[in-house]
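K.L.:
This is the structure, below, for whatever I ask next.
The values are calculated or read from the model by the stated rules, or taken from the named source; none is laboratory data. Quantities reported herein were computed from a predicted structural model and do not represent experimental measurements. Cβ coordinates were reconstructed from backbone atoms using ideal geometry, including for glycine residues, and neighbour counts include every protein chain displayed.
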Amino acid sequence: MFKNMQGLMQQAQKMQQKMAEAQEKLAATEIVGNSGAGMVEVTMNGKFDVRKIKIDPKIVDPNDIEMLEDLITAAINDARTKVEALSANEMGKVTEGMPLPPGFKL
């Protein structure tokens, strides 16, 4: 039984190290979300920090600020969705083959 426990602890340590590496990789990765056919772009890193917002000057209408606000919101949400998918994929690689309980999320 002790050998099983020791093996389990070693697996847990390896998984923890791989998770830390995956999180570092995600933090360094930049994802671009966009809206308005690319008129608004939001660059976000894997830690969900917005790094840059790019707005095409053609869509800036002082009489319709609400549309610009909506496009920025949509671009941020697009970037967030892409980061979540990338994060789930990377963490799935870390836990691949590990006997985790059903529904267990990291």
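K.L.:
Of the residues in region 1-32, how many are among the small types (Gly, Ala, Ser), loosely packed, with under 11 Cβ neighbours inside 10 Å and modelled with pLDDT of 80 or more? Before the answer, list the steps.
P.N.:
Step one: of region 1-32, the residues among the small types (Gly, Ala, Ser) are 7, 12, 20, 22, 27-28.
From the residues that got through so far, the ones that are loosely packed, with under 11 Cβ neighbours inside 10 Å too are 7, 28.
Then keep just the ones that are modelled with pLDDT of 80 or more; that gives 28.
Final tally of qualifying residues: 1.
K.L.:
Please work out which residue is nearest to GLU90 (Cα to Cα), limiting yourself to region 39-64 and to residues that are within 20 Å of the chain's Cα centre (by Cα) and assigned to a loop (DSSP other than H, G, I, E, B). Can you show your working first?
P.N.:
Pass one, region 39-64, residues within 20 Å of the chain's Cα centre (by Cα): 40-54.
Subset that is assigned to a loop (DSSP other than H, G, I, E, B): 46-49.
Working: GLY46: 11, LYS47: 13, PHE48: 15, ASP49: 18 Å.
In this case the residue turns out to be GLY46.
K.L.:
Among the residues of region 71-78, is there at least one that is assigned to a helix (DSSP H, G or I), at pLDDT 95 or above, of a type in the set (Gly, Ala, Ser) and in contact with a strand residue (DSSP E or B) (Cβ under 8 Å, 6 or more places away or on another chain)? Steps first, answer last, please.
P.N.:
Just the residues of region 71-78 that are assigned to a helix (DSSP H, G or I), to begin with: 71-78.
Subset that is at pLDDT 95 or above: 71-78.
In the following step, the residues that additionally are of a type in the set (Gly, Ala, Ser) were identified as 74-75.
Cutting the leftovers down to in contact with a strand residue (DSSP E or B) (Cβ under 8 Å, 6 or more places away or on another chain) gives us 74-75.
Yes, region 71-78 has at least one match.
K.L.:
Within region 86-106, which residues are assigned to a helix (DSSP H, G or I), out of contact with any Leu (no Cβ under 8 Å at 6 or more places or on another chain) and either charged (D, E, K, R) or at pLDDT 95 or above (or both)?
P.N.:
So in region 86-106, the residues assigned to a helix (DSSP H, G or I) come out as 86-95.
Filter once more, keeping what is out of contact with any Leu (no Cβ under 8 Å at 6 or more places or on another chain): 88-89, 92-93.
Once the filter is applied, which keeps residues that are assigned to a helix (DSSP H, G or I), out of contact with any Leu (no Cβ under 8 Å at 6 or more places or on another chain) and either charged (D, E, K, R) or at pLDDT 95 or above (or both), region 86-106 yields only LYS93.
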